[in-house]
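What follows is calculated from the coordinates using simple rules that are stated; it is not laboratory data. Computed from a prediction, not measured in an experiment: that's the story for all the values here. FYI the Cβ positions are ideal-geometry reconstructions off the backbone, even for glycines, and counts take in every protein chain you see.
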Amino acid sequence: MALTVGLRPLTRALLRPWARVPGAALGRPAAGSGDGVRCFGSPRVLVEPDPAAVGVAVMKMRNPPVNSLSLEFLTELLISLEKLENDKTFRGIIITSDCPGIFSAGLDLLEMYGRDPAHCAEYWKAVQELWLRVYLSNLVVIGAINGISPAGGCLLSLSCDYRVLANNPKYAIGLNETLLGIIAPFWFKDVLVNTIGHRAAERALQLGFLFPPSDALQVGIVDQVVPEDQVQSTARSVMAQWLAIPDHARQLTKNLVRKPTADRLLQQRDADIQNFVRFISRDSIQKSLHVYLEKLKQKKG
Ligand SMILES: CCCCC/C=C\C/C=C\CCC/C=C/C(=O)SCCNC(=O)CCNC(=O)[C@H](O)C(C)(C)COP(=O)(O)OP(=O)(O)OC[C@H]1O[C@@H](n2cnc3c(N)ncnc32)[C@H](O)[C@@H]1OP(=O)(O)O
């Protein structure tokens with residue numbers, strides 16, 4: 001899937017061979033990777049082969065303070081995902097967070113507030129790309145959700161094949177866009193409907209539900225809820241179960257199930273970008289984002 005078509009110099013620069021990132025070339029331990037484990041990645045994304053599971057990589061999101069999906073962060077995630085897809089030694093990825101208490105705070109609001117249409121278009125293209133890359137991945141993708149996961153963070157989780165959530169009441173998950181005065185685009189909606197059903201999705205989307213773990217399990221937005229210190233080990237054991245299936249049969253089946261949903265976006269990506277730019281540029285929407293960002297600041301007292 002072409003990554004750099006239509007992207008501006010900034011993003012193309014970021015997409016240059018990731019090995020530019022000091023110490024992060026494949027095979028050399030990246031800074032802070034500890035005991036020389038062969039890993040790679042970039043400043044905001046650390047990818048480590050799982051020492052206990054052959055063919056499995058753990059992708060740690062580390063864009064402090066809240067793993068908000070900025071354009072740079074999205075680009076680094078895309079680069080790491082592409083490398084894993086192209087490295088045939090990997091069959092599965094566990095996506096998790098290195099930011100305590102937060103899986104991902106979702107899309108970076110500052111990429112959508114006070115930005116010109118060209119930037120918003122570039123940003124939305126990267127958001128689309130991340131979803132398509134994860135949702136259609138040939139790898140087994142398991143979300144080890146070790147923190148709160150609103151909106152874009154929930155979409156990332158829903159795009160995995162399986163979701164393990166830590167049993168911490170603070171770690172709510174959901175598409176809460178209406179609480180910000182905005183909306184989830186149709187492909188966010190489609191993935192939620194596919195996961196929890198039409199009526200539950202309709203209610204959750206309109207009310208901007210953030211489901212605490214027990215409710216998230218009950219409605220089906222996650223597959224398992226476990227004690228916080230068992231999230232990674234549970235993700236690893238589920239991965240082993242999924243990797244016991246022959247890759248080609250599992251990949252063909254995943255594609256059979258997911259391609260119609262992905263095609264709805266693939267057939268209208270430019271129109272979706274234009275719709276996003278028109279919508280997000282509305283004065284009323286910009287005002288809503290301003291109010292929400294102010295609330296976040298006031299929350300800190
Ligand atoms: C009719 C046609 C329609 C066409 C439609 C087309 C498209 C649809 C249109 C738009 C699509 C939008 C889809 C949007 C998806 C999203 O993901 S929007 C983001 C939603 N995220 C949230 O609501 C989470 C907001 N954050 C929080 O609730 C909290 O920060 C927290 C994650 C619970 C963490 O709390 P805490 O640990 O207390 O940390 P702080 O709140 O203090 O935050 C630390 C700093 O991080 C900043 N921040 C937090 N979240 C974000 C974010 N998402 N983006 C940017 N920045 C964020 C926060 O402001 C703090 O910054 P400072 O330290 O104050 O600088």
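Numbers for the structure displayed
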{"read-out": "Among 72-82, 271-281, 290-300, 237-247, the order from most to least packed when residues are scored by Cβ within 10 Å on average", "value": "72-82, 271-281, 237-247, 290-300"}
{"read-out": "Of Lys259/Lys295; Lys60/Lys287; Lys259/Lys287; Lys83/Lys300; Lys88/Lys254; Lys60/Lys297, those spanning more than 30 Å from alpha-carbon to alpha-carbon", "value": "Lys259/Lys295; Lys60/Lys287; Lys259/Lys287; Lys83/Lys300"}
{"read-out": "Relative exposure of His119, His198, judged by other C-beta atoms within 10 Å (fewest first)", "value": "His198, His119"}
{"read-out": "Of Thr178, Gly220, Ser137, farthest towards positive along the dipole that unit charges on Lys, Arg, Asp, Glu beta carbons give region 114-232", "value": "Thr178"}
{"read-out": "The chain: relative contact order as a whole-number percent, Cα under 8 Å and 6+ apart", "value": "15 percent"}
{"read-out": "Helical contribution to [θ] at 222 nm, DSSP H n ≥ 4, -39,500 (n - 2.57), averaged over the chain, rounded to 500", "value": "-14500 deg cm²/dmol"}
{"read-out": "From phi via Karplus (6.51, -1.76, 1.60), per-residue ³J(HN,Hα) for region 92-105 in Hz, x at Gly/Pro", "value": "x, 10, 9, 9, 8, 10, 9, 9, x, x, 10, 6, 7, 7"}
{"read-out": "Distant-in-sequence amide H partners of Gly147 (H built 1.01 Å from N, under 5 Å)", "value": "Phe103, Ala166"}
